[in-house]
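See below for the structure under consideration.
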Amino acid sequence: MKVTGITIIKNAIKYDYPVVESIKSVLPLVDEMIVCAGDSEDETNKLIENIGSNKIKIVHTIWEKYTSGGKALAIETDKALDEVSQNTDWVFYIQADEVIHEKDIPTIKQAMEKYLHDKRVEGLLFHYIHFYGSYHFIGDSRKWYSKEIRVIRNNKNIRSYRDAQGFRKINNKKLKVKLINAWIYHYGWVKNPVFMQQKQRDFGQFWNDEKTQKEWQSKIDNGPKEYDYSNIDSLEIYKGIIQK
């Protein structure tokens, strides 16, 4: 069984992404790790190189601007998928602000082995924990997605969906997946408030056209310099590893 990991990243330092921890968390599960590194303004590429694993293959890309609905992120993810070798069985997709816990590695590996020859299974579905504001609180309302596909069969008819949240077939059909007892820990909303505000400002270019993006940037530039984490509907205290 061959497993290839993929991820995309741009400006990891500027926007405070835990990409090193993210990549390291999946390295024990994969035979190779493809990192699509965008046209960063910081030392992101060096950061990835310094991980020092011979499993890592860095692919240099240029991110598109002014795409609707975050399509640029899906485009980059598809670039990573296109780099996966034909003899790979499973593709493990991890976003740069996601981490898996070492306790779940045996469960994930066992699931990939169990369904390796069952072609009816096209992916594995994971539970999610979304940290918010700090490592002590998690989002618990319906606005947070509770499950998502992170392992897919190596099939060129499977592509990244919408803003790279999940995957669909090229005919827009959903994948046939199995839910496993493993978790993705999502840290995208745990950043220094200044970095978070900057990310909110800049990342609008992947959801807006050029005119709308300029208006969005101007609004943020004329507002607070720090992101307001109090604008949330519901949270609960994180009490350790959650099991279901």
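None of the figures in this text is laboratory data; all of them are computed from the coordinates on show. No experiment lies behind these values; they were computed from the predicted model shown. Ideal geometry is used to build each Cβ from the backbone, glycine not excepted, and the neighbour counts take in all protein chains shown.
Using only the Cα atoms of segment 31-145, build the gyration tensor, take square roots of its eigenvalues as a ≥ b ≥ c, and label the shape rounded, prolate or oblate: rounded if a/c is under 1.5, else prolate if a/b is larger than b/c, else oblate.
rounded
Can you list the equivalent-ellipsoid semi-axes of the chain, largest first and in whole Å, using the square root of 5 times each Cα gyration tensor eigenvalue?
Each semi-axis is √(5λ); the values are 29, 21, 18 Å.
Would you calculate the separation in nanometres between label points at residue 13 and residue 39, each defined as 7 Å from the Cα along the Cα-to-beta-carbon direction?
It is 2.0 nm.
Which residue, 68, 85, 218, has the most motion in a Gaussian network model of the chain that connects Cα atoms within less than 10 Å?
Comparing 68, 85, 218 in the GNM, the peak value goes to 218.
With labels modelled as points extended 7 Å from the Cα through the Cβ direction, what inter-label distance (nm, one decimal) is found for residue 87 paired with residue 46?
Using points 7 Å along Cα→Cβ, the separation is 3.6 nm.
Decide, for segment 138-222, between rounded, prolate and oblate: order the square roots of the alpha carbon gyration tensor eigenvalues as a ≥ b ≥ c, take rounded if a/c falls under 1.5, and otherwise choose prolate if a/b is larger than b/c, else oblate.
Cα axes put segment 138-222 in the oblate bin.
Which net charge results when you count Lys and Arg as +1 and Asp and Glu as -1 among the other residues whose beta-carbon is under 9 Å from that of residue 71?
Local charge sum for residue 71: -1.
Taking 0.36 nm per intervening residue step and subtracting the Cα-Cα distance, what contour gain separates residue 181 from residue 109 on full extension?
Length gained between residue 181 and residue 109: 24.8 nm.
Test of understanding: what is the full-extension gain from residue 219 to residue 143, defined as 0.36 nm times their sequence separation minus their Cα-Cα distance?
24.9 nm
Take residue 53 and residue 165, extend 7 Å from each Cα along the Cα→Cβ direction, and tell me the distance between the two endpoints in nm.
2.7
Could you calculate the FRET efficiency of residue 172 with residue 116 from 1/(1 + (r/R0)^6), where r is the beta carbon distance between them and R0 is 30 Å, rounded to 0.05?
0.70
Could you work out the helix-only [θ] at 222 nm for the chain, with each DSSP H run of four or more residues adding -39,500 (n - 2.57) and the total divided by the number of residues, to the nearest 500 deg cm²/dmol?
Taking each H run of at least 4 residues, the total per residue is -7000 deg cm²/dmol.
Which of the three applies to segment 30-88, rounded, prolate or oblate, going by the alpha-carbon gyration tensor with a ≥ b ≥ c and a/c under 1.5 meaning rounded?
Cα axes put segment 30-88 in the oblate bin.
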